[in-house]
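Right, one structure below, let's go through it.
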Amino acid sequence: MLVTKSDACPCQLSLCVAAEQEVRNFVAATGGRVGLVIVDLARTPEAGKTYKAFAVPVVILQDEKGEALGRFYGYVEESHLLREWNEYRQKKESQ
């Protein structure tokens, strides 16, 4: 999940755009095993409380049940998300 804000100041907006691209690359790298939900706080400001997004962007990596595996504030690279996801999958497979 990516929490972003389309009407953010130019500095924050550039971070949101860059983070979205990294998240999209991550989703593609998983071969479609991970879905992408984008929440725009400009359209749904109340979602900021729901997702504890006090600044943007926020990337929330979730398992199949919607439980948070990791929460990343600001810019996060695809490689970091892949590492977290692969660690989760390895743990799950070893159980």
Handout entry: the chain, relative contact order [Cα under 8 Å, separation at least 6], %
Key = 35
Completion exercise
accessible surface per residue for the chain, probe 1.4 Å, DNA/RNA/ligands not counted, whole Å² -> 62
Exercise for the section: Could you point to the label whose value was computed as P(r) over Cα pairs in 10 Å bins from 0, in percent for the structure here, given [x] 17, 51, 31, 1; [y] 16, 50, 27, 6, 1; [z] 15, 29, 22, 17, 10, 5, 2, 0? Expected result: [y]
Completion exercise
Quick calc, the range 1-75, dipole around Cα centre from Cβ unit charges on Lys, Arg (+) and Asp, Glu (-), nearest 20 debye, gives 80
Exercise for the section: Indicate, rounded to the nearest 5 percent, the antiparallel portion of the DSSP beta bridges found entirely in the chain. Expected result: 70
Practice task
For the range 14-77, with all protein chains present and a 1.4 Å probe, just round the carbon and sulfur fraction of the accessible area to a whole percent.
Solution key: 52
Exercise for the section: Could I have the simple spin-label model distance between residue 11 and residue 73, label points 7 Å from Cα toward Cβ, reported in nm to one decimal? Expected result: 1.5
Exercise for the section: Only helical DSSP H runs with n ≥ 4 go in: add -39500 (n - 2.57) per run for the chain, normalise by residue count and round the 222 nm mean residue ellipticity to 500 deg cm²/dmol. Expected result: -14000 deg cm²/dmol
Problem - Lysine pairs within the chain, Cα separation less than 21 Å, 8 or more sequence positions apart or different chains - result: 6
Exercise for the section: State whether the range 55-95 is rounded, prolate or oblate according to the following rule on the C-alpha gyration tensor (a ≥ b ≥ c being the square roots of its eigenvalues): a/c under 1.5 gives rounded; otherwise a/b larger than b/c gives prolate, and the remaining case gives oblate. Expected result: oblate
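The values are calculated or read from the model by the stated rules, or taken from the named source; none is laboratory data. Source: prediction; values computed, not measured. Here the Cβ is made from the backbone with ideal geometry for all residues, glycine too, and neighbour counts use every protein chain on show. Side chains are part of the model used for accessible areas, which takes the heavy atoms of the whole protein and leaves out ligands, DNA and RNA. Shrake-Rupley method; radii C 1.70, N 1.55, O 1.52, S 1.80 Å.
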